[in-house]
Number of protein chains: 2
Amino acid sequence: MTLEPPLGRPLGEADTPALWVDLDALDHNIATMAGRCAEAGVDWRPHVKASKAPDLARRLVAGGAVGITCAKVSEAEAMADGGIVDILIANEVVGPLKIARLVTLAGRASVCVAVDDERNIGEISAAAVAAGVRVDMLVDINVGANRCGVTPERALDLARMVIDLPGVGFRGLMGYEGHVMGMQPEDKEAESARAADILRRARDILAAEGIEPRVISGGGTGNYWIAASLGALTELQAGGGVLMDLSYRDGMKVPGHRQALFLDAQVVSTAVPGRAIADAGWKATGMHTGLPAVVSHAGVRVLRLNAEHTILELTEGAPALEPGERITLVPHYSDSTVLLHRQMYAVRGGVIEEVWPIAAAGALQ
Amino acid sequence: MTLEPPLGRPLGEADTPALWVDLDALDHNIATMAGRCAEAGVDWRPHVKASKAPDLARRLVAGGAVGITCAKVSEAEAMADGGIVDILIANEVVGPLKIARLVTLAGRASVCVAVDDERNIGEISAAAVAAGVRVDMLVDINVGANRCGVTPERALDLARMVIDLPGVGFRGLMGYEGHVMGMQPEDKEAESARAADILRRARDILAAEGIEPRVISGGGTGNYWIAASLGALTELQAGGGVLMDLSYRDGMKVPGHRQALFLDAQVVSTAVPGRAIADAGWKATGMHTGLPAVVSHAGVRVLRLNAEHTILELTEGAPALEPGERITLVPHYSDSTVLLHRQMYAVRGGVIEEVWPIAAAGALQ
């Protein structure tokens, strides 16, 4: 039994757990991120791995993004299905099954991938030639995260290979500084600068051989306002901050954004004194980074999450709660929350304007 | 682009991350759990909140289960769609939207819910009468988890109300001892016995008034082999243990089960010395309880998970790994892993026999 989405109706008529976006706050955050990129003279290609909704991605493009960044081929497919035509997959795409999907995707969207391995570059080139498509590439540089990516010295060989092979195009360099996002402000500035230095060194090594990257891509929500002005990046991947969450606010100290993502839960039991139990557990909001916060009721605190239950503690000043009462939570981490849901409500002034399918939830391949 | 499921082909032809079940181990675990329940003279109604696949649920029924247990109405709907006709929703079902779905479901399956609140009982009764269906009820007893459920003394009023109202039937009592699952063995035995005492007290209070519960339901994978023989429960909810995982093995010390759930990942980068990076991160296997373990390669250890990356450390004795190499992981917690996927491969002897949709993933309402 599927219920009709209650468009034009109060959010309170949507069943819980109900994931929702405050459109005014979302628009503010999009304008903030696009504006900071424009001021710094860099392009904005926001990552959609946290939001996963093509409707939201189209809003990013309408708000000034040059395209989007995805984590996986299947995520990019869902975005192409939703009308997005310019996609960076900011990861290595490895193996014949994924490469087959990649070149199929490249037949209906402009696609760029990260590379750090010769054999992989050769396999993508061969598949692209066979499919009659072009796949652009960013040579992935390890800027300190020690995850993927080569040294600046090794980048030259890979860039030359991409330039020489058919079916693939050398777009530039990528260096994602994932390790700096959670650092304290002083360290974050210093380490962002170090990452930028590594990318500049790679750029200089290529320049000495007459190779000019059109794009140097990096930056996350945790450091984009710093990274934008360091002079190394030409394109910023930061995207999660359009939704915001407690980890961005408290852990990463992201300035000037408003909270746009919320989760409404409903009290299901008040039988145990001093507590109320609601229906959003860690299957509705990921908790490996921390617990969500109650914003709708003073004195009501999230004590812990079970799989399907919010264990709420009623501290002094808490209102009397009954089964059926709605509670609004702010997720601790948007990236570990949205993918658990199948839709989010786009809300303005308490009224549901749209229902956005989270089409890329479960897009793991 | 959807690829054909490679039925009858080696698992290695399925793209990664690939969630899969070893059918021999699954059948062993089902026989073990069903056998222990039969020996103890209790019915087995396994919870499917962790497995979420109707194909697997039907296998439980074929293996001796009297029906299944679900966490949510939407999960129960997915199971009814998959041919399951006898379902306990072991939670309170609150609010007009969910109650409307509940009584619709009760028109096509035998449905029982947990209750701990008079108004809620009245609302379900009224909706069931209006829909012309019957919803059975278990009065939920707080056996120490301090989540939902009333005291044994309060149970009498609720049972009487259920008995007196139309459209609903009093099936018995429920007491889920979630708090004991992770305890050390001595504490677990003592606290399981305490929970059983509370349920017996509730049963005795009802018996003094001539009310006989047909069912007393409880028990999880973390204590079912203890709970089965304590003489209080007539029906066990333990179900997650058919898949097994590291938390059941190491944390809950579940005896005699075999590991049945696995996650295959693929190396995507070996550019950073001493490491290999694979394509299953915490979006493919939940990590709030701990990290997965590598079982396919000696000397390869999961150092941490990023959203989409397994960060593997190559210790002494590790083989040389290249992009494309497949790695088999055991999830730390099945319950936080399966829901992230859309299908699991049912594998015997390395060959894919079936592909099971995880139909209840995202069933949060």
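Some values worked out for this structure:
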quantity	calculated
Fraction of accessible area attributable to carbon and sulfur, chain A (%, probe 1.4 Å)	51
Inter-probe distance in nm under a simple model that places probes 7 Å from Cα toward Cβ, at A:GLU186 and B:VAL355	5.5
For the protein assembly as shown, the spread of Cα positions along each principal axis, largest first, Å	92, 57, 43
Residues with amide H under 5 Å from that of A:MET174, placed H, sequence gap 5 or more	A:VAL139, A:ASP140, A:ILE141, A:SER217
Complex-versus-alone comparison for the range A:299-328, residues with a loss of 20 Å² or more in accessible area, probe 1.4 Å	A:ASN306, A:GLU308, A:HIS309, A:PRO323
Three semi-axes of the equivalent ellipsoid, the range B:313-365, Cα gyration tensor, whole Å, largest first	29, 17, 10
Nonlocal amide H pairs with B:ARG304, under 5 Å, H built at 1.01 Å	B:ILE311
Kirkwood Rh, angstrom, the range A:55-114 [1 / mean 1/r, Cα pairs]	11.4
Per-pair calculated FRET efficiency, R0 = 22 Å: B:ARG160 and B:ARG194 via Cβ, rounded to 0.05	0.25
Estimated 222 nm signal from helices in chain A, with DSSP H stretches of n ≥ 4 weighted -39500 (n - 2.57), rounded to 500	-8500 deg cm²/dmol
Rg over Rh [alpha-carbon atoms, Kirkwood Rh] for the range B:43-147	0.97
Calculated from backbone phi, Karplus (6.51, -1.76, 1.60) coupling profile of the range B:47-53 in Hz, x at Gly/Pro	6, 10, 4, 8, 8, 6, 10
Karplus (6.51, -1.76, 1.60) ³J(HN,Hα), θ = phi - 60°, over the range B:29-41, in Hz, Gly and Pro reported as x	5, 4, 5, 5, 5, 4, x, 5, 5, 4, 4, 7, x
All aspartates and glutamates inside 14 Å of B:LYS253 as judged from Cα atoms, apart from same-chain residues fewer than 8 positions distant	B:GLU186, B:ASP187, B:GLU189, B:ASP245
Separation between Cα centres of the range A:322-365 and the range B:197-218, rounded to whole Å	41
Inter-part distance where the range A:1-67 and the range A:280-312 are each reduced to a Cα centre, Å	23
Average beta carbon contacts from partner chains per residue of B:266-278, 10 Å cutoff	6
Pairs of alpha carbons in chain A whose separation is greater than 40 Å (percent)	19
Residue-normalised accessible area of the protein assembly as shown, expressed per residue, 1.4 Å probe, Å²	34
For the range A:174-236, alpha-carbon Rg over 2.2 N^0.38 Å	1.10
Karplus 3J(HN,Hα) series, Hz, for the range A:190-202 with 6.51 cos²θ - 1.76 cosθ + 1.60 (x for Gly, Pro)	5, 6, 5, 5, 4, 4, 4, 4, 5, 5, 5, 4, 4
Distance between modelled label sites at B:THR151 and A:ARG348, nm, 7 Å Cα→Cβ extension	5.3
Stretch in chain A that is longest and holds no GluC sites (Glu not before Pro) that DSSP places in a loop and that have at most 16 other beta carbons within 10 Å	A:1-208
Innermost chain B residue relative to the axis carrying B onto A, by Cβ distance in angstrom	B:HIS288, 2
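The values are calculated or read from the model by the stated rules, or taken from the named source; none is laboratory data. Since the model is a prediction, treat every value here as computed from it, not as a measurement. All Cβ positions, glycine included, derive from the backbone under ideal geometry; neighbour counts span all protein chains shown. For accessibility, only protein heavy atoms count, side chains too; no ligands or nucleic acids. Shrake-Rupley method; radii C 1.70, N 1.55, O 1.52, S 1.80 Å.
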